[in-house]
Amino acid sequence: MDLTTLIGLILGFAALIGGFLMEGGHASSLIVGPAAIIVFGGTFGAVIIGFSLQELKTVPGFLKDIFIDTPIDYVGAVDKMVETADRARREGLLSLESHLPEIDNDFMRRGLQLVIDGTDPELTRNMLEMEISSYEESQGLGVEIFNAAGGYGPTMGIIGTVMGLVHVLGNIEDPSSLAPAIAMAFLATLYGVASANVLWIPFATKIKTKTARQVTQMELVLEGVLSVQAGENPRVIREKLLTFLPERERSRMVMNENVRMGM
Amino acid sequence: MDLTTLIGLILGFAALIGGFLMEGGHASSLIVGPAAIIVFGGTFGAVIIGFSLQELKTVPGFLKDIFIDTPIDYVGAVDKMVETADRARREGLLSLESHLPEIDNDFMRRGLQLVIDGTDPELTRNMLEMEISSYEESQGLGVEIFNAAGGYGPTMGIIGTVMGLVHVLGNIEDPSSLAPAIAMAFLATLYGVASANVLWIPFATKIKTKTARQVTQMELVLEGVLSVQAGENPRVIREKLLTFLPERERSRMVMNENVRMGM
Amino acid sequence: MDLTTLIGLILGFAALIGGFLMEGGHASSLIVGPAAIIVFGGTFGAVIIGFSLQELKTVPGFLKDIFIDTPIDYVGAVDKMVETADRARREGLLSLESHLPEIDNDFMRRGLQLVIDGTDPELTRNMLEMEISSYEESQGLGVEIFNAAGGYGPTMGIIGTVMGLVHVLGNIEDPSSLAPAIAMAFLATLYGVASANVLWIPFATKIKTKTARQVTQMELVLEGVLSVQAGENPRVIREKLLTFLPERERSRMVMNENVRMGM
Amino acid sequence: MDLTTLIGLILGFAALIGGFLMEGGHASSLIVGPAAIIVFGGTFGAVIIGFSLQELKTVPGFLKDIFIDTPIDYVGAVDKMVETADRARREGLLSLESHLPEIDNDFMRRGLQLVIDGTDPELTRNMLEMEISSYEESQGLGVEIFNAAGGYGPTMGIIGTVMGLVHVLGNIEDPSSLAPAIAMAFLATLYGVASANVLWIPFATKIKTKTARQVTQMELVLEGVLSVQAGENPRVIREKLLTFLPERERSRMVMNENVRMGM
Amino acid sequence: MDLTTLIGLILGFAALIGGFLMEGGHASSLIVGPAAIIVFGGTFGAVIIGFSLQELKTVPGFLKDIFIDTPIDYVGAVDKMVETADRARREGLLSLESHLPEIDNDFMRRGLQLVIDGTDPELTRNMLEMEISSYEESQGLGVEIFNAAGGYGPTMGIIGTVMGLVHVLGNIEDPSSLAPAIAMAFLATLYGVASANVLWIPFATKIKTKTARQVTQMELVLEGVLSVQAGENPRVIREKLLTFLPERERSRMVMNENVRMGM
């Protein structure tokens, strides 16, 4: 389970609903069917028009990414690359084949397979870079879809509210029903703004930040694989890969290194 | 028929109108001539000013693109390129000429024709790249036109609403007509926001996403044509073209490949 | 006369005013001096501050561009370049001098003059590219000025409306004058939003799209002039220049070519 | 005095205040202390937080730039560069030293000094380019500061208005004070929107357009200095520098040239 | 203590609250629990969803950066680099080792360590550039987080206000409670807009401007370290590093230089 998605959703909705209840409101008055149909139906309709069926089929996968934790272990990746470089120097590139199944990271495994197959270094770089940019593009689609929903949400809210007011003002001779009807109209705006700002836009941000971390790791692995292929010194490889790490990870890394050195 | 355009439009309008009816509104109160004239006439006028007649003549073509399905078969394109590379290696580049008419993809056919004509590889690349960027620019025009309409829609809605209020307030001595008149004024905002967010902006997104897929396929074909010209190994070509595919297509591709291998 | 500017303006204003009249409003109630002074005076003042006198002096020229048609004939330019290449091959570069006065296109004439003068190809390219980018920058100024006006318009409308409301609320003891006074206040918003969305922003778009077409033609001519200088085959030049054309022009072009071939 | 800054400010404020007076308002009702404190204090506070003391110290200098005219004489710069190239060819690069004090343009003087000192052409280019980009960055700071103020202004206006309404509604039992109090609340929006759109944003635009002209001149001088160093033909230099000029300046330039030629 | 953060916050809040008190409001009426819960809880929830735990853990560090002064001494860095270049020329690169502990600037020390270790100049440049871009990315995260909060703030304010109005209108039969309840609803907008524009957005700007200054210094040091490694003349190094300085620092720098020369 992705912890911050969970905590953020609970905190966000608890704050909105809790604040409303503290003011003395009744939770039931926040649930109005027609407003929900207008806002969510309208948002989904507008999103669906803009994309193809194949693109929309990726949405469940993105939702899984948002809710399931996918830890990224930069330090582990650096350690694995250095260990591999070490083995390649001592036992030769071909010896890596038997150790491939131990590697969890798909991208690292595919990269090392290319090295073992004796692929030309330039082609290895091109194919791995192409894979990274293809991954970025696939993920960018998720960002686009959720951001589209985040853009349509509030405007569908406005549409719902205006429709509600049209209805209300058409029945203005019955003043007793006026205020609750206006309240109902406002709920459309509430649904639109809240869904955009507590769900769709934060979801798009989540995909973007997860992708950025994943891409940094892939670039680190790409550099490492090419260094292994070039037969560089494992110590120099470690130094080079270190510069890919975000500052906050680097201190941890350096500590690990010192421990290794002390062994 | 483009499925998602159809489903999205039906879902979107069903949600907006259905929600309104569920609230107890009458569909007839959603139709007001003057508001429609102000919003749609104003939007079309503003869009027309910004472009030339020749550019505006492309709009029906873009609408066709939005409503008619144009399936893109990455896997088929890769298979066709690999098959062509295979034939070129076995029977020579000139043998491709007789098979050109079997190729559906215009861009692939033009590219292979250049290869058969013995065009210099650098010039082949330049001309195909120029064609891709010229295609992107032509499609970008459609995105611009529909986005312009999406921008003007809501502002024309505001203009209609303000005009309605000006009229209403000028006749304020007759309070009985006040509320329905205000409702009518609000319809201008409704038309403006709804047309922008259920029609124009999703249409622009549709053109953009269709173009992106088409361009990916064209780049794949460009790479394939140049590889055929260079006489590369069909297996390596398959590997290289594979990296152009979105992740979701790749698994299907790899499966196909395995089937082929097994033959 | 630029047809779409004219049609767009007539359609836009006819829709806005016609819709208002259909609702039963009086055209006279749309004209309020003070609101117009606030909105237009404020917009012009804010625009003037941001630019220099020399830059503002270009505005009449841009207005002329917006209202006067400047047809761009890609096909004619390609034909002219191919014809010139043909003559240069048969009669030599110097023979072009006597035909220069027949060429309408200033940029083509200047480019060919450089070729006739024996300017180094690299310098020819640099000077023509510099001229293109200098043209783009000059035109970009017009886009900036009209977009600035389009940005200030609605905010000046808000200022006028707030000022109107301040005045109205200060005289609230006289309720009979309340409604028409509010209507007058709203007119400021109407003027601001309408001037921005029917005049300034579409005008900026017009300059941008006209410039884009002009620049495409200049790039086509630049490529053609360099090909003439390099003494390339006229048929290959035609093929190359063809890729600059927007798709919609290309079919026309190819038809012309076939007619020529048939001769 | 910068003419357009002055005219724009006078026209802008005259239109806003004049329109208000024409509607029958009293100028005194536009001045409300607390609203001004909220809007201007809030804007300045928010701007100050975002920048360092050293950066904020540049604001008076930018205000001087906005109000004091700094004419840019492209034609004069071209003439001076050509004259210098002429002298350098006839009398040698070292002869320029004695004429340096006659040159008003600091950047041109520093560039020629590098040439006289025999600096390597590549290093000369790097140092002058670095100086241009450092100048652009310094000026960009002013644009950022004024744009920040232009962004905070209207939001501080909203804060002031909401605060005013909070106060008003808290004292609603006293209806006689209601309307003027609301008017006062609106003044916060008025101050915020007007200060942003008549002062801060136009000021930022002014810095941007002045910087663009200055940078064009610096690039022209850079090209000229390098041409002098390379000992190019003064006539060719004039041709090359001519392409830097905005179209509107070029005709003037060509005229000057013809006059010179006629001498 | 960062002076401008402190002054800006005090000035901003003093202006907002002071203006409110001057209007005759009671400070107590600005404090409403439920509105604060909705706005701040909602903002934090939405921000938390979008980022990972590790990324959110950097927030306290960024807050420290915003409130603690981190003076950047360009002139001191130039002086130190020139002094180091001087020593390296006189006593050799290895002699720098003993002076490293005297250098405060971490980045300069790491760079010089690479030089002392005899790292290849190209690799030195790559590793230091990688470190700069990694630093920029880490800081960019802070800008993103605070800008996200600045975007969610006002929308959460709207949500709170709409919820308040829903509640108010649901209890409309009790008119005596109407006005204060609406006031309470407005406070949500107030909290949202004020927190975004006095805290989150200025904080993001602060991180951005601090990072820009830091990066300029790092680029200066990078250039200096490479010049030391290349054994360039200290006087030329000073000239080159001078061009990195913002204009306002350069005069100070030149003064220092003259003083040194006079020694």
Between A:M1 and D:E219, Cβ-based FRET efficiency (R0 56 Å, step 0.05) works out to 0.50
For the pair C:L21 and A:E247, the simple spin-label estimate (label points 7 Å beyond Cα toward Cβ) gives in nm 6.7
Taking a crude spin-label model, label points 7 Å out from Cα along the C-beta direction, the C:D86 to B:R235 distance in nm is 5.3
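Working from the pairwise distances between different alpha carbons, so that the mean of 1/r is found and then inverted, what is region B:18-100's Kirkwood radius in Å? It would help to have the intermediate numbers written out before the result.
Working: mean 1/r = 0.0529 Å⁻¹.
Taking the inverse mean of 1/r over all distinct Cα pairs, region B:18-100 comes out at 18.9 Å.
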Rounded to whole angstrom, the alpha-carbon centroid of region D:107-159 lies from that of region B:65-114 at a distance of 52
Descending accessible area (1.4 Å probe), largest on the left, turns C:D79, A:D117, B:D104 into B:D104, A:D117, C:D79
Compactness check, region D:122-210: C-alpha Rg relative to the 2.2 N^0.38 Å globular estimate gives 1.78
Rounded to the nearest 10 Å², the 1.4 Å probe accessible area of A:R89 is 130
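Ordering A:R235, E:R90, B:R238 by how much accessible area each has at a 1.4 Å probe, largest first, what is the list?
Numbers: A:R235 120, E:R90 155, B:R238 5 Å².
Descending accessible area places them as E:R90, A:R235, B:R238.
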Expected max-MSF residue from E:G61, E:G150, E:G42 in the GNM of chain E (alpha carbon, under 10 Å) is E:G61
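Sort B:E136, D:E239, D:E131 from largest to smallest accessible area, using a 1.4 Å probe on the heavy atoms of the protein chains. The partial results should precede the final answer.
Working: B:E136 90, D:E239 65, D:E131 25 Å².
Descending accessible area places them as B:E136, D:E239, D:E131.
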The relative contact order of chain A, taking Cα pairs under 8 Å that sit 6 or more residues apart, comes to a percentage of 31
Over the Cα atoms of region B:72-178 the radius of gyration and the largest Cα-Cα distance (Dmax), both in Å, equal 28.3, 91
Here the correct list, in nm and shortest first, of distances from B:G61 to the same site in the other copies, label points 7 Å along Cα→Cβ, is 3.3, 3.3, 5.3, 5.4
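At a threshold of 8 angstrom on Cα-Cα distance, excluding pairs fewer than six apart, so keeping six or more, what relative contact order does region C:86-169 reach in percent?
Values: 21 pairs, mean separation 12.9, N = 84.
Rounded, it is 15 percent for region C:86-169.
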Longest principal axis of chain C (C-alpha) makes with the long axis of helix C:106-116 (C-alpha) an angle, in degrees to the nearest 10, of 30
Measuring from its Cα centre, the protein assembly as shown shows a charge dipole (+1 at each Lys and Arg Cβ, -1 at each Asp and Glu Cβ) which, in debye to the nearest 20, is 780
With x for Gly and Pro, the residue-by-residue ³J(HN,Hα) of region A:126-132, computed from phi through the Karplus equation 6.51 cos²θ - 1.76 cosθ + 1.60 at θ = phi - 60° and given in whole Hz, is 4, 5, 5, 5, 4, 5, 4
So, in nm and shortest first, the distances from B:A14 to its counterparts in the other copies, with label points 7 Å along Cα→Cβ, work out as 3.8, 3.8, 6.2, 6.2
Heavy-atom accessible area of A:E102, protein chains in place, probe 1.4 angstrom, given in Å² to nearest 10, is 100
Between the Cα axis of helix A:74-91 and the main Cα principal axis of chain A, the angle (0 to 90°, nearest 10) is 20
Listed by chain and number, the lysines with an alpha carbon less than 25 angstrom from that of D:K208, same-chain partners under 8 positions apart left out, are C:K57, C:K206, C:K208, C:K210, D:K57, D:K64, E:K206, E:K208, E:K210
In debye to the nearest 20, the charge dipole size for chain E, taken about the Cα centre with +1 at each Lys and Arg Cβ and -1 at each Asp and Glu Cβ, equals 400
Karplus ³J(HN,Hα) for region D:56-62 (6.51 cos²θ - 1.76 cosθ + 1.60, θ = phi - 60°; Hz, whole; x = Gly/Pro) runs 5, 5, 7, 4, x, x, 5
Per 10 angstrom bin, beginning at 0 and ending with the bin that holds the maximum distance, the Cα pairs of chain C fall in percents of 6, 22, 23, 17, 13, 10, 6, 2, 1, 0
Semi-axes a, b, c in Å (a largest) for the protein assembly as shown, each sqrt of 5 times a Cα gyration tensor eigenvalue, come to 51, 40, 40
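At a Förster radius of 25 Å, what calculated FRET efficiency corresponds to the Cβ-Cβ distance of A:N171 and B:I31, to the nearest 0.05? Walk me through the numbers on the way to the answer.
On the way: r = 18 Å, r/R0 = 0.71.
Calculated value: 0.90.
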Sorting from shortest, the nanometre distances separating the label point of D:R109 (7 Å past Cα along the line to Cβ) from those of the same residue in the other copies are 4.3, 4.3, 7.0, 7.0
Per GNM of chain E with C-alpha springs under 10 angstrom, the most fluctuating residue out of E:G19, E:G118, E:G151 is E:G19
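The values are calculated or read from the model by the stated rules, or taken from the named source; none is laboratory data. Note that the structure is a prediction, hence the values are computed from the model and not measured. Positions of Cβ are generated from backbone atoms using ideal geometry, with glycine treated the same way; all protein chains shown enter the neighbour counts. Surface accessibility is based on the protein's heavy atoms, side chains included, excluding ligands, DNA and RNA. Shrake-Rupley method; radii C 1.70, N 1.55, O 1.52, S 1.80 Å.
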